[in-house]
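First up is the structure itself, then whatever we jot down about it.
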Amino acid sequence: MMNALNLSKINLVKESIFKLANFSSEEWEFYKSIIEEVSFKKKAFLTLKGEIEKYAYFIVDGAVKYETNTEDGKTICLDFGFKGNFVSSFASCLSQKASTVSIQAVTAVKAFRLYYPSVLDLMETSKNAERFHRLIAEQLYIRETKRTFSLISQNAEQRYLHLLENQPDALRLIPIKDLASYLGIHPDSLSRIRTQIKF
């Protein structure tokens, strides 16, 4: 599997992983053995709501969105993932229960994916692997907490500015309707905000 991977790309994954945990050469060899290079067309689903998540993805190029549906059938955009991000329905991975979200490609996406059941097996014997995935879970929790606080405490313009500051690729890659859904406002309101703010 690995002989088909581009060395510079796999090193990008390695650098991102080693920022969180200092794996031994043997542990890294294990990760390489379960990494698969994948690609998705625009609008294709990486993860489907209602299915058990089996993978964690590292985005090499492109953008994805997390979304779910309300009881009345409305689709809500919850979050985004861009180049250099790990994305997954981690709650589903860890609990082995059906995912409550879908992850969809907003653009064409190139990624590496890790087969998560094998990762869970490694966590039983490797403190580095346990630390690595705990830190990812903590980052996702902190990010979601900040988003919730933003929706409660900031107005629409402040939330938009915060999004651009922290996810500068959003405006270039994400459709207006998805940005508006993520920000909790109507697309027309977002259009007015965009025309009022000069960069």
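The values are calculated or read from the model by the stated rules, or taken from the named source; none is laboratory data. These figures come from a predicted structure and were not determined experimentally. Note that each Cβ is placed from the backbone with ideal geometry, even for glycine, and that neighbours are counted across all protein chains shown.
Would you be able to tell me the number of residues in segment 171-193 that are of a type outside the set (A, V, I, L, M, F, W, C) and under 20 Å from PHE149 (Cβ atoms)? Residues meeting the conditions: 3. Consider segment 99-116 and keep the residues that are free of Cβ contacts under 8 Å to residues at least 60 places away in the same chain and in a strand (DSSP E or B). The one that is farthest from the chain's Cα centre (by Cα) is SER102.
Checking SER181, SER189 one by one, the residue that is of a type in the set (Ser, Thr, Tyr), free of Cβ contacts under 8 Å to residues at least 40 places away in the same chain and over 18 Å from SER88 (Cβ atoms) is SER189 and no other. Considering segment 151-178, the residues that are buried (at least 16 other Cβ atoms within 10 Å of the Cβ) and among the small types (Gly, Ala, Ser) include one that is farthest from VAL87 (Cα to Cα), namely ALA156. For segment 113-127, the criterion of being at negative phi, crowded, with 17+ Cβ neighbours inside 10 Å, at pLDDT 85 or above and touching a strand residue (DSSP E or B) at 6+ places or on another chain (Cβ under 9 Å) is satisfied by at least one residue. Here VAL109 clears all of (1) buried (at least 19 other Cβ atoms within 10 Å of the Cβ); (2) out of contact with any Gly (no Cβ under 7 Å at 6 or more places or on another chain) except the condition numbered (2). Being closer than 20 Å to ILE136 by Cβ and without any contact (Cβ under 8 Å) to a residue 12 or more places away in the chain is the requirement here; does SER89 meet it? Here the answer is no, as SER89 does not meet what is asked. Annotation note: Cβ proximity below 6 Å between a residue of segment 46-64 that is in contact (Cβ under 8 Å) with a residue 60 or more places away in the chain and a residue that is assigned to a strand (DSSP E or B) and among the aliphatic types (A, V, I, L, M) (sequence gap 6+ or interchain) occurs for LEU46/ILE103; ALA56/LEU114; GLY62/VAL109.
Which is of a type in the set (Phe, Trp, Tyr), assigned to a helix (DSSP H, G or I), farther than 21 Å from TYR57 by Cβ and modelled with pLDDT of 85 or more, of TYR160, TYR182?
One residue alone meets the criteria, TYR160.
Filtered by the rule that a residue be outside any strand (DSSP E or B), within 11 Å of the chain's Cα centre (by Cα) and not hydrophobic (A, V, I, L, M, F, W, C), segment 80-98 gives LYS83, GLY84, ASN85, SER88, SER89. Screening the candidates GLU15, GLU67, GLU36 for the property of being surrounded by fewer than 18 Cβ atoms within 10 Å (Cβ to Cβ) and either in a strand (DSSP E or B) or at pLDDT 85 or above (or both) yields one hit, GLU36.
In segment 39-64, of all residues being aliphatic (A, V, I, L, M) and out of contact with any Ser or Thr (no Cβ under 8 Å at 6 or more places or on another chain), the one that is surrounded by the most Cβ atoms within 10 Å (Cβ to Cβ) corresponds to VAL64.
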